[in-house]
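The values are calculated or read from the model by the stated rules, or taken from the named source; none is laboratory data. Everything numeric in this text was worked out from a predicted model, so none of it was measured. Every residue, glycine among them, receives a Cβ derived from its backbone with ideal geometry; neighbour counts consider all protein chains shown. Quick note on the areas: whole protein, heavy atoms, side chains included, nothing else; ligands and nucleic acids left out. Shrake-Rupley method; radii C 1.70, N 1.55, O 1.52, S 1.80 Å.
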Amino acid sequence: QVLLEESGGGLVQAGGSLRLSCAASTNIFSFNAMGWYRQAPGKQRELVAAITSGGIANYADSVKGRFTISRDNAKNTIYLQMNSLKPEDTAVYFCNGVSRGHYWGQGTQVTVSS
């Protein structure tokens, strides 16, 4: 069973930073890509950032220039560095891995106060 466990969420003031981590129970090279999604209350889950097994990253327009996704293959972990946070970034952030199917973590809450 593949498990993804997020950590690093919390409460931060606007303009602040947080770093999310997602630790996988398996070698992350087994995933074609991994990424971060978020879901705000009353809204659909949306892709924030993704990174392929080859290290190619892509971002939602709303976070470009502020968020950075990275991976540490030795630790089987991906990260999301979030800078210049805005209240509209408030959401539950989910780690995702794509292999033969989609695998999800349980989510971590990020709250940005104005």
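Any residue that is outside any strand (DSSP E or B), within 18 Å of GLU6 (Cα to Cα), modelled with pLDDT of 95 or more and open to solvent by less than 60 Å² (accessible area, probe 1.4 Å) - is there at least one of those in the stretch 56-70?
Restricting attention to the stretch 56-70, the residues satisfying the condition of being outside any strand (DSSP E or B) are 56, 60-66.
This time we only want the ones that are within 18 Å of GLU6 (Cα to Cα), so: none.
Scanning the stretch 56-70 turns up no residue that is outside any strand (DSSP E or B), within 18 Å of GLU6 (Cα to Cα), modelled with pLDDT of 95 or more and open to solvent by less than 60 Å² (accessible area, probe 1.4 Å).
Got a sec? Which of ALA74, ALA60 is touching an Asp or Glu at 6+ places or on another chain (Cβ under 8 Å) and small (Gly, Ala, Ser)? Spell out the reasoning first.
On the way: ALA74 fails: touching an Asp or Glu at 6+ places or on another chain (Cβ under 8 Å).
The conditions single out ALA60.
What do you reckon, is SER113 open to solvent by 50 Å² or more (accessible area, probe 1.4 Å) and either in contact with a Cys (Cβ under 9 Å, 6 or more places away or on another chain) or among the hydroxyl-bearing types (Ser, Thr, Tyr) (or both)?
On the way: open to solvent by 50 Å² or more (accessible area, probe 1.4 Å): no; either in contact with a Cys (Cβ under 9 Å, 6 or more places away or on another chain) or among the hydroxyl-bearing types (Ser, Thr, Tyr) (or both): yes.
It is false that SER113 is open to solvent by 50 Å² or more (accessible area, probe 1.4 Å) and either in contact with a Cys (Cβ under 9 Å, 6 or more places away or on another chain) or among the hydroxyl-bearing types (Ser, Thr, Tyr) (or both).
List the pairs whose first member sits in the stretch 5-18 and is outside any loop (DSSP other than H, G, I, E, B), whose second member is loosely packed, with under 14 Cβ neighbours inside 10 Å, and whose Cβ atoms are under 6 Å apart, counting only residues at least 6 apart or on separate chains?
That search, which allows pairs on different chains as well, returns GLN13/SER113.
Out of the residues in the stretch 71-87 meeting the condition of being in contact with a helix residue (DSSP H, G or I) (Cβ under 8 Å, 6 or more places away or on another chain) and not β-branched (Val, Ile, Thr), tell me which one is most open to solvent (accessible area, probe 1.4 Å).
Applying the first criterion (in contact with a helix residue (DSSP H, G or I) (Cβ under 8 Å, 6 or more places away or on another chain)) to the stretch 71-87 yields 71, 73, 76-78, 82.
Remaining after also requiring not β-branched (Val, Ile, Thr): 71, 73, 76, 82.
On the way: ARG71: 45, ASN73: 60, ASN76: 39, MET82: 0 Å².
Filtering the stretch 71-87 for residues that are in contact with a helix residue (DSSP H, G or I) (Cβ under 8 Å, 6 or more places away or on another chain) and not β-branched (Val, Ile, Thr), the one most open to solvent (accessible area, probe 1.4 Å) comes out as ASN73.
Taking the residues in the stretch 35-55 that are polar (S, T, N, Q) and in a strand (DSSP E or B) as candidates, determine which candidate is most open to solvent (accessible area, probe 1.4 Å). Don't jump to the end; show me each part of the working.
Restricting attention to the stretch 35-55, the residues satisfying the condition of being polar (S, T, N, Q) are 39, 44, 52-53.
Keeping just the survivors that are in a strand (DSSP E or B) gives 39, 52.
Numbers: GLN39: 65, THR52: 45 Å².
Only one residue tops the list, namely GLN39.
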